[in-house]
1. Between A:Ala286, A:Ala39, A:Ala101, which gets the highest mean-square fluctuation from a Gaussian network model of chain A, Cα cutoff 10 Å?
2. If you build a Gaussian network model of chain A, linking Cα atoms that sit under 10 Å apart, which residue out of A:Leu21, A:Leu217, A:Leu260 swings the most?
3. Would you mind finding the longest exposed-site-free stretch of chain A, with exposed trypsin sites (Lys or Arg not before Pro) meaning DSSP loop and at most 15 other Cβ atoms within 10 Å?
4. Would you kindly give the portion of the calculated P(r) for chain B that falls above 22 Å, as a percent of all Cα pairs?
5. Could you work out Rg/(2.2 N^0.38 Å) for segment A:137-296, with Rg from alpha carbons only?
6. Once neighbouring chains are kept in place and the probe is 1.4 Å, which whole percent of the accessible area of chain A is contributed by carbon and sulfur?
7. Let me know the charge dipole size of segment A:10-161 about its Cα centre in debye, to the nearest 20, where only the beta-carbon of Lys, Arg (+1) and Asp, Glu (-1) is charged.
8. Where is the GNM fluctuation largest for chain A (alpha-carbon springs, 10 angstrom cutoff): A:Met278, A:Met80, A:Met117?
Amino acid sequence: MAATEGQEDSGSYVLHHLTNLRLNLHTMKFDPGYKGFWALDIDSVFFAILLGLIFLFFFIRVARRANTGVPTGMENFIEMCVEFVQNQVKEISPHANSLVAPLGLTIFVWVLLMNFMDIVPIDWLPYVGEKVFGLPNLRIVPSTDINVTFGMSLSVFVLIYIFNFAYKGPIGLAKEFLTHPFFIKSGPMVVLNVVLMPVNVILRLVEDIAKPVSLALRLFGNLFAGELIFVLIAVFASNAFNHGIGGFVGFGIGGGLIQLAWAVFHMLVIPLQAFVFMVLTIVYLAGASTSHSEEH
Amino acid sequence: MDPNATLIVQSITFLVFVALMWRLAWPPILGAMQARQAKIAEGLSAAERGEKALKDASSKSEGELKAARAQAQEIIGAANKQSAQLLEKAKADAEAEKARILEAGRAEAEREIAQAKEALRKQVGDLAVAGASKILKREIDAKAHADVLSELAAQV
């Protein structure tokens, strides 16, 4: 959309917007094309931590002033968030560990804020970054970076296993791995359990590995697609500079309106994805803290 | 879309944020909210209790008022009765007094009548003596004819 992008090849424009500001940790230089593991997406990390610190700042400030008087402004809003998450956790699992609700709240607020960066017009911050700080690339939406979404979902995965071990113990967990969902309790067919056990283990492994993968890919996919469509609409609108005054009005205003419409639609996706990530995390952790044998 | 160290940084940051939220932010906020909830519940129940007490007190005061009214009515009745009795008594006394005074007056009048009669009788006797002596042209010895005279007087 910006004037500087108008003459550029639209393909490189799109790629430029989907490339992270990547720091090669071997050479300590910006190298957006680097494919190795020891690199850091500075832009994603910076914005993720910045947003995280912003919400933590507000939450801890309210927590320090917490009292039983009439809540005001920010206090009210934060208590609303807390109550919302607390109710979700209570509904899903009434006897959840005290960690679950704060974890869910952190996920919800953080993912929500990261997703909301998508609403910032796509060229503003990269333009400032390029002109003021001389940064070659800048992606401001951390949740469109698959490393960020996997970083969170793998942490959740680790927590699921910590919960599993803490609540069921190694033996209970092993028993669950071997005997769930297929198990013959008695009768002449008991011998078949030998065959069923490997099946159970494979099913369980697929089930557990699917959890972090689906969490990360769902969030990444939704936000990446949203971002890509913003970029493509911007490419469409950039035709405004190539077709005279009529093109300027048509593509410029049309593109602007399409951007607005997509942003409005995206406002639905943003909280929904944050909510889905949170609820699924709560469900997984609740499942990890209750053994299947108790349910039957 | 290549995995890199961002993953590790993000994981650690995430866990740190969760820990901070869990330890620093969550307990005071939730505690305050629960305390406030308890306070509000207590306030509501206190209001309910107050309302009930008010209702009790008003019904009690109504009862007292009714009792007081009844008592007042009773007192007024008694007073009325007493005043009627007093009036009755006073009337009776006055009646008796009147009768007594009348009786006294009548006795007095009778006595005076008797006196007058006596005096009249004497005068008649005297007159009769005077008349007889005039008729006889001589003096009648009043002393000699006293028995005759008194007999005459008694006949008048």
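The values are calculated or read from the model by the stated rules, or taken from the named source; none is laboratory data. Computed from a prediction, not measured in an experiment: that's the story for all the values here. Every residue, glycine among them, receives a Cβ derived from its backbone with ideal geometry; neighbour counts consider all protein chains shown. Heavy atoms of the whole protein, side chains included, go into the accessibility calculation; ligands, DNA and RNA do not. Shrake-Rupley method; radii C 1.70, N 1.55, O 1.52, S 1.80 Å.
1. A:Ala39
2. Sorting by GNM fluctuation, first place goes to A:Leu260.
3. Counting only loop sites that pass the neighbour cut-off, the longest clear stretch is A:36-184.
4. 80
5. Working: Rg = 24.2 Å, N = 160, 2.2 N^0.38 = 15.1 Å.
In units of the globular-protein estimate, segment A:137-296 measures up at 1.60.
6. After summing per-atom areas, the C and S share lands at 74 percent.
7. 300
8. A:Met80
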